[in-house]
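Here the structure comes first, spelled out in structure tokens, and everything after it is commentary.
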Amino acid sequence: MSLAGKRVLIIGATQGIGRALAELVAADGAELIVASRNAGRVTQVAQEFGARALVIDLTDTASITAGMKAAGKLDHLAIPGSDIVFGSFRDLSLTDAMASMASKFWGPYQAVRAADMAARGSVVLFSGNASRKPIGAAALTAINSAVEGLGRALALELAPVRVNTICPGLVDTEMWERLPGSQRAEMMEQARKRLPARHVATARDIAELTLSVMTNRYITGTTVDIDGGALVGG
Ligand SMILES: NC(=O)c1ccc[n+]([C@@H]2O[C@H](COP(=O)([O-])OP(=O)(O)OC[C@H]3O[C@@H](n4cnc5c(N)ncnc54)[C@H](OP(=O)(O)O)[C@@H]3O)[C@@H](O)[C@H]2O)c1
């Protein structure tokens, strides 16, 4: 199924997986709307891909409501946007844990609830394989599990709108700019050696799968793993 003429909203499209997805969706001929919480960055990405820009902050209910109304009827909605604070159960403050849940779970929850979806449309959520392979960050495991549960439940409750969750393992995106340069490079290299695929995903790798899930008429209610084999070892 081509996206030509279909209206697609991507929330969290200014970098990483969302930006790579925006590029593919625009190239497929969709009527693309890109959104993030940062007006300057989202306007720049919109200009680059011939899209419409919207400011939507996934941690702000009024912003979500206004943004989804401005977006209008949607054929597809993808929400890779989130702002996660990493930390172990003991070290992560409750404030940071709850803020992470707000941006990655409650934000998408509200956005989907406010969306006016076409009957044959689709929603794509994003979790992360810490859901099933804990990595010493209990809140992250809980948040990703919650997102996957929401995706399965919505596939039933919103049918025939299709709802799926993409579950990436490690992806080399700007998200990791929070680590000092040498530490980021070292982490990626160690993962590359360890993973069965002997490769760490680029944003484009994840975006290609997302496009396929978005357009395939027979996929709904699933969590799709894309992790270089991390769940089977490595
Ligand atoms: N990268 C990985 O290794 C990895 C692994 C597993 C799962 N994931 C998940 O996959 C998804 C995409 O990851 P990524 O690496 O592409 O992330 P990223 O590079 O950090 O990009 C996040 C995007 O979300 C937007 N954003 C952040 N907070 C927002 C908010 N409150 N409202 C609206 N937009 C917001 C950012 O834009 P602005 O700053 O312009 O608002 C940015 O465009 C995330 O859910 C992430 O947790 C990533």
Handout entry: Residue among Arg52, Arg37 that is near the ligand (Cβ under 9 Å from one of its atoms) and of a type in the set (Lys, Arg)
Key = Arg37
Handout entry: Close pairs (7 angstrom Cβ cut-off, 6 or more residues apart or separate chains): over 18 Å from Ile226 (Cβ atoms) in the stretch 172-187, open to solvent by 90 Å² or more (accessible area, probe 1.4 Å) and away from the ligand (no atom under 14 Å from the Cβ) anywhere
Key = none
Handout entry: Residues being within 13 Å of the ligand (Cβ to nearest atom) and open to solvent by 50 Å² or more (accessible area, probe 1.4 Å) - total across the stretch 193-204
Key = 2
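From the list Ala22, Ala46, pick out the single residue that is within 14 Å of the ligand (Cβ to nearest atom), part of a helix (DSSP H, G or I), crowded, with 21+ Cβ neighbours inside 10 Å and free of Cβ contacts under 8 Å to residues at least 24 places away in the same chain. Lay out the reasoning, then the answer.
Details: Ala22 fails: free of Cβ contacts under 8 Å to residues at least 24 places away in the same chain.
Checking each option against the conditions leaves just Ala46.
Quick check on the stretch 1-19: of everything there that is near the ligand (Cβ under 10 Å from one of its atoms) and either over 19 Å from the mean Cα position of the chain (by Cα) or under 20 Å from Val213 (Cβ atoms) (or both), which residue is most open to solvent (accessible area, probe 1.4 Å)?
Residues of the stretch 1-19 near the ligand (Cβ under 10 Å from one of its atoms): 10-19.
Still in the running and either over 19 Å from the mean Cα position of the chain (by Cα) or under 20 Å from Val213 (Cβ atoms) (or both): 10-13, 16-19.
Working: Ile10: 0, Ile11: 2, Gly12: 18, Ala13: 0, Gly16: 11, Ile17: 28, Gly18: 2, Arg19: 63 Å².
The qualifying residue most open to solvent (accessible area, probe 1.4 Å) is Arg19.
The values are calculated or read from the model by the stated rules, or taken from the named source; none is laboratory data. None of these values were measured; they are calculated from a predicted model. Heads up, the Cβs are rebuilt from the backbone with ideal geometry, glycines too, and the neighbour counts pull from every protein chain shown. Ligands, DNA and RNA are excluded from the accessible area calculation, which covers all protein heavy atoms including side chains. Shrake-Rupley method; radii C 1.70, N 1.55, O 1.52, S 1.80 Å.
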